[in-house]
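Written out below as structure tokens is the structure these notes cover.
The values are calculated or read from the model by the stated rules, or taken from the named source; none is laboratory data. All values derive from a computational prediction rather than experimental measurement. FYI the Cβ positions are ideal-geometry reconstructions off the backbone, even for glycines, and counts take in every protein chain you see.
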Amino acid sequence: MTESSEKLKSLSSQEKCPYDRCNGSGLEFTEVNGRQAAIECECREEKLLSKKLEFATIIDEFQGTVISDYKADSNHYEKEKSIMRAKMCKKSAQSYVSRFEEMKRKKKGLYFYSKTPGSGKTMIISAIGNELVQEYKATVKFATAGDLLNAIRSTYGNSDINTHELIDAARKVEVLILDDMGQQSIKSDTNDHLFDILNHRINRDTVTIFSSNCKIEDLPYNFRIRDRITKMAIPIEAPNESVRKNLAQQENDELLRDLLVSKG
């Protein structure tokens, strides 16, 4: 048995084929010159890519979150400007999902940014990822930029998966969502790895969705990376207000009122 066959066999046989061709085995059976023959299913490479990027999943808090869960109202944001930006984020996300096939042909992703942590950026990109899986059976991988780079560094000298395999998987996966761009420490290999991944993705039928606390031109990477991101993603400014802080304050105020009126 070849190394590739062994890797395929190690994947869960319970996984369904998104193309409904191979029952999750990775092999299709067809007749060639009157004889049965096995050919590789399109889902095979996708499964192998997913295996190599198995650490890259949407965080538990936003598993199952959809775009309609993202609220753009005065209960979540205090400033009118923040509400307007939240509405723009939500509308852009909905339109992007509905036009995903077109966006993929154009190799265009999205880049949500605002300087304020907790403003809803991670939620909206997670919701987009979830809906792309639900509606298009897309292969989606989600990681912070720092986690992806750390995963690559962990392969240095690691025999289970080599550095090239992991980088190649990040290059090829259908939808790559990178959260917190520019927040990780910049090490000597950061620019090289990011450029390698993005430069390959810009030439494939893939899309990349980003979030960051800064504009593309302010990212702490070299100009080649900023140039690639500008080409491959539409920038959308998110609210510069923390919905996380606002909701926490509302919850605390409500609990305090309850404590003050309770008998005891």
key: Test: LYS141 is surrounded by fewer than 23 Cβ atoms within 10 Å (Cβ to Cβ) and either assigned to a loop (DSSP other than H, G, I, E, B) or under 10 Å from the mean Cα position of the chain (by Cα) (or both)   = no
query = Conditions: (1) acidic (Asp, Glu); (2) free of Cβ contacts under 8 Å to residues at least 24 places away in the same chain; (3) under 15 Å from ILE67 (Cβ atoms). GLU135 meets all but one. Number of the miss?
reply = (2)
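Those residues that are among the hydrophobic types (A, V, I, L, M, F, W, C) and either under 13 Å from SER119 (Cα atoms) or surrounded by fewer than 13 Cβ atoms within 10 Å (Cβ to Cβ) (or both), I need them from region 85-99; list them, please.
Passing the criteria: ALA86, CYS89.
Within region 149-190, which residues are of a type in the set (S, T, N, Q) and touching a helix residue (DSSP H, G or I) at 6+ places or on another chain (Cβ under 8 Å)?
Kept after step one, since they are of a type in the set (S, T, N, Q), are these residues of region 149-190: 150, 154-155, 158-159, 162-163, 183-185, 188, 190.
Within region 149-190, THR155, THR163, GLN183, GLN184, SER185, THR190 meet the criteria.
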remark   = Counted residues in region 206-264 being modelled with pLDDT under 90, part of a loop (DSSP other than H, G, I, E, B) and not hydroxyl-bearing (Ser, Thr, Tyr) come to 2
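Rundown of residues vs (1) farther than 23 Å from LYS107 by Cα; (2) basic (Lys, Arg); (3) crowded, with 20+ Cβ neighbours inside 10 Å; (4) without any contact (Cβ under 8 Å) to a residue 24 or more places away in the chain, yes/no style:
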position: LEU166; (1), (2), (3), (4): no, no, yes, no
position: LYS172; (1), (2), (3), (4): no, yes, yes, no
position: ASP179; (1), (2), (3), (4): no, no, yes, no
position: ASP192; (1), (2), (3), (4): no, no, no, yes
position: SER211; (1), (2), (3), (4): no, no, yes, no
position: ARG224; (1), (2), (3), (4): no, yes, no, no
ask   = From the list LYS79, LYS121, which one is in contact with a Ser or Thr (Cβ under 6 Å, 6 or more places away or on another chain) and not polar (S, T, N, Q)?
value = LYS121
key: Test for ASP69: is it surrounded by fewer than 17 Cβ atoms within 10 Å (Cβ to Cβ), within 15 Å of MET181 (Cα to Cα) and not aromatic (Phe, Trp, Tyr)   = no
ask   = Of the numbered conditions (1) among the β-branched types (Val, Ile, Thr); (2) at pLDDT 90 or above; (3) not in a strand (DSSP E or B), ILE186 satisfies every one except a single condition; which is it?
value = (2)
